1. What does the charge add up to near Thr188, with Lys and Arg as +1, Asp and Glu as -1, over the other residues with Cβ less than 15 Å from its Cβ?
2. Hey, what D do you get for the stretch 15-105 in µm²/s if you plug the Kirkwood alpha-carbon radius into Stokes-Einstein at 4 °C and 1.567 mPa s?
3. Based on the mean of other beta carbon atoms within 10 Å per residue, what is the order of 44-53, 175-184, most packed first?
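Derivation of every value follows stated rules applied to the coordinates shown; laboratory data play no part. What you see is a predicted model, and the numbers here were worked out from it, not measured in a lab. Positions of Cβ are generated from backbone atoms using ideal geometry, with glycine treated the same way; all protein chains shown enter the neighbour counts.
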Amino acid sequence: MPSLWKRITFSVASALCIGSVVLLVVALSTERWVTGRILCKTGVEIVNASNPELDQFIGSIYYGLFQGGKTKRCGLGDRRSKIYIFPKLVRTLNGGLHMMVILFLLVAVGFALVSLSFCIYNARKVPYQSIKGHKGLYLWNFIAGMSQMMHHFVSCPFPDLPAPLSAALFGALGVLCFLAAVRHHSLTERVANFREHLFVLVVLDDSLDWSFWLGVGSIATHFAVCGVVAMSRIKLPKPEIKKPEEPTVSAVDLLY
């Protein structure tokens, strides 16, 4: 059985891994990665609207990795519609980049589950040498090498770290790819104008919403797991038990 300190640290790491998986799954399944405001440019030009009247042509948009919605205001009242990224809209976007975001996040979920399983295993029993020793170290570093940024862990003294670090790395790559799509590939404008044949919609502003920040929180959680796993290697001093002193018998005592 592992020591009490290791059981505590790996139990905390297991709880953090569960939290990370939940954050990633919720982030993937929700629709609030980006929210913004859209202006119906065609409606403004038709009525030659001035500044006080522009509010009547400003709608809203929100979307995630799979679906979303928008409210269009082009002088005919609020017109709400649902947005589905798959299967047609993704063809008008940078499809490869969008699929990379989803793939990276799914791989991050996989590594988070692997990290969770090993944290639970470490908390319950002492692993075999093939898992914790040199062979296990090479195995984990081969898997972590898929990220092309884990090569410096070949001599890592913590063989439990590649799984959470890989999960954090793939999660970070997914978040960064999505950020690049939003900022440099006009993702919101493309989503807003999909299947708009009569009106042109202009994005006034867009911002990252809570679904995106859940993904960022998952990355931070994995770094916390790495810290907890590293703390498990700390050896706490054991309380010393004093042995009772044996009575000494001198030659004078023997004479009596």
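1. Details: positive: Arg32, Arg37, Lys41, Lys70, Lys72, Arg183, Arg190; negative: Glu31, Glu189, Glu196, Asp205, Asp206, Asp209.
Combined, the nearby Lys, Arg, Asp and Glu give +1.
2. On the way: Rh = 15.3 Å.
Estimated via Stokes-Einstein, D reaches 85 µm²/s.
3. 175-184, 44-53
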